[in-house]
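The values are calculated or read from the model by the stated rules, or taken from the named source; none is laboratory data. None of these values were measured; they are calculated from a predicted model. Counting neighbours? That spans all protein chains shown, and the Cβs are built from the backbone with ideal geometry, glycine included.
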Amino acid sequence: MTVRVMLVAPAVGGELREARFGADRPLAEAELTPVRARTAPPATTVLSAPSPRCRQTAEALGLTAAVEPALADAEAGSWRGRALAEVAATDPAAVQSWLGDAEFAPPGGESVTALCARLGRWLGSLEDGSVLAVAEPAAIRAALVHALDLPPAAFWRLDVAPLTVTRLSGRAGRWNLRTGAPLPQGVEGQLP
């Protein structure tokens, strides 16, 4: 049997626009409006990352999603809640290491390598069927790095647009990718 995984990127909120590390702020009502105009593909299992933006995106899509901690953003440690520009101004060497070394973790945080391993364990735990998961963009990138057996440095070369679906199909050790497509607007059913 095959597992079909549909990874949905959440709506953009102030935290993403400000390039803040894991502040977990809820989305404003205006940020949810574009979500409500879209529909999600059907799935036998529906999950959400624990962040407010992922849970709110799932709810705005009309989904009842179980919270899955593995889909969370990378743990930012002492950088949590701070803007990237602020961290770069106070510790440019650390930011450079974070962007260039997949083994580097912010103080008390999680490295890209650890994030990819976490998403790999989650993918490996999935049973046959279809899974729709509203996940943090970093978690989606990490899942792709793991599934496609890419070098961890490729993490920074993958872009995940808001309100898109990235599809993986297969099973542990053998995954195929269908790149992100926008969620359909006001049309029920599966994406083409």
From the option list 74, 9, 102, single residue qualifying as in contact with a Leu (Cβ under 6 Å, 6 or more places away or on another chain) and under 28 Å from residue 171 (Cα atoms) is 74
Among helices (runs of 4 or more DSSP H) entirely inside the stretch 1-120, those with 2 or more residues being touching a strand residue (DSSP E or B) at 6+ places or on another chain (Cβ under 6 Å) and touching a residue at least 60 places away in the same chain (Cβ under 8 Å) are 52-60
Note on the stretch 36-68: residues modelled with pLDDT of 95 or more, of a type in the set (Val, Ile, Thr), more than 12 Å from residue 131 (Cβ to Cβ) and over 14 Å from the mean Cα position of the chain (by Cα) are 64
Residues in the stretch 49-69: is at least one touching a helix residue (DSSP H, G or I) at 6+ places or on another chain (Cβ under 9 Å) and basic (Lys, Arg)? yes
The one condition residue 155 fails out of (1) touching a Gly at 6+ places or on another chain (Cβ under 7 Å); (2) modelled with pLDDT of 95 or more; (3) not polar (S, T, N, Q) is (1)
Scanning the stretch 121-177 residue by residue, the ones that are assigned to a strand (DSSP E or B) and either surrounded by fewer than 22 Cβ atoms within 10 Å (Cβ to Cβ) or among the β-branched types (Val, Ile, Thr) (or both) total 15
Just one listed residue, out of 131, 67, is under 29 Å from residue 149 (Cβ atoms) and touching a Leu at 6+ places or on another chain (Cβ under 7 Å), and it is 131
The condition of being more than 20 Å from residue 16 (Cβ to Cβ), at pLDDT below 95 and not aromatic (Phe, Trp, Tyr) holds, among 180, 124, only for 124
Scanning the stretch 3-27 for residues that are out of contact with any Asp or Glu (no Cβ under 7 Å at 6 or more places or on another chain) and aliphatic (A, V, I, L, M), the one surrounded by the most Cβ atoms within 10 Å (Cβ to Cβ) turns out to be 8
